[in-house]
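Down below is the structure, laid out as structure tokens.
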């Protein structure tokens, strides 16, 4: 069974640009979660999508947005990039059950 | 953002020693989870706990869901070099939905 796949693995952008990060969940999983992990810090919840709808949102500005497609894959968009947006962005999926998440390996976003 | 209090922040131990780390929260959770993260990778689920007082083992790992539902601990017995990494606790309030993560415990094991 393929795990959660994220692309690209690394992304370098300049301040003010937009970044688009992609995630494919495990087959059959309908929920997708996005987390930000800044260097040396824990994981901060960004967004939760289930069945194509945004279910919950973390304490991040509106320039962080996303969507979930009919095939349950998901996109995270970050507009007007700032230096402090540099972080590992992790996507996870679940079956909307009690089994916890399965994480992808992340996209390392560097803003210069 | 909201986080759990996880301790210790880091541990340096000798191979073969036992390790203990814990998480506390001011909020009640219905599920406690323990993850391990290796450098450059996403966290991997180690143990999931669903009931207050539950004690669950996974090989050399043992975790417990605190009776108050506000804390959890993870023990690793007879540590080996591949146990090196960052261990995160996470709490979940309901089925599905976001996880609240601790700050992580960085484990170093000297051979």
So how far, in whole Å, is the C-alpha centre of segment A:27-102 from the one of segment B:24-59?
20 Å
For a label point 7 Å from the Cα of residue B:57 along Cα→C-beta, name the residues of segment B:21-43 whose backbone N is under 18 Å from it.
B:21
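Please compute the contact order of chain B in relative form: average sequence separation of alpha-carbon pairs under 8 Å and at least six residues apart, divided by the residue count, as a percent. Spell out each step's value before the answer.
Numbers: 286 pairs, mean separation 41.8, N = 111.
For chain B, the relative contact order is 38 percent.
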Could you state the per residue volume, in Å³, of the convex hull enclosing the Cα atoms of the protein assembly as shown?
117 Å³
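Please give the FRET efficiency for residue A:7 paired with residue A:57, using the beta carbon to beta carbon distance and R0 = 22 Å, rounded to the nearest 0.05.
Numbers: r = 23 Å, r/R0 = 1.04.
It comes out at approximately 0.45.
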Treat each spin label as a single point 7 Å out from the Cα along the C-beta direction, and report the residue A:38 to residue A:14 distance in nm.
2.4 nm
Taking the simple approach of a point 7 Å from Cα along Cα-to-Cβ for both residue B:84 and residue A:84, what is their distance in nm?
3.3 nm
Whole-number D in µm²/s for chain A (Stokes-Einstein; Kirkwood sum over Cα pairs; 4 °C, 1.567 mPa s)
93 µm²/s
Antiparallel as a % of all DSSP beta bridges within chain B, to the nearest 5?
85 percent
Ordered by fewest other Cβ atoms within 10 Å, a rough proxy for footprinting exposure, B:28, B:13 read B:28, B:13
When the Debye formula is applied to the Cα atoms of segment A:29-91, each taken as the same point scatterer, what base-10 log of I(q)/I(0) results at q = 0.12, 0.15, 0.17, 0.23 Å⁻¹?
-0.28, -0.44, -0.56, -0.96
Given a 10 angstrom Cα cut-off, can you work out which residue in A:21, A:43, A:88 is the most mobile in a GNM of chain A?
A:43
Most fluctuating residue given options A:42, A:66, A:52, as computed from a GNM of chain A linking Cα atoms under 10 Å
A:42
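Read-outs throughout are calculated quantities, based only on the coordinates presented, and are distinct from any laboratory measurement. The structure displayed is predicted, hence computed values, not measured ones. Note that each Cβ is placed from the backbone with ideal geometry, even for glycine, and that neighbours are counted across all protein chains shown.
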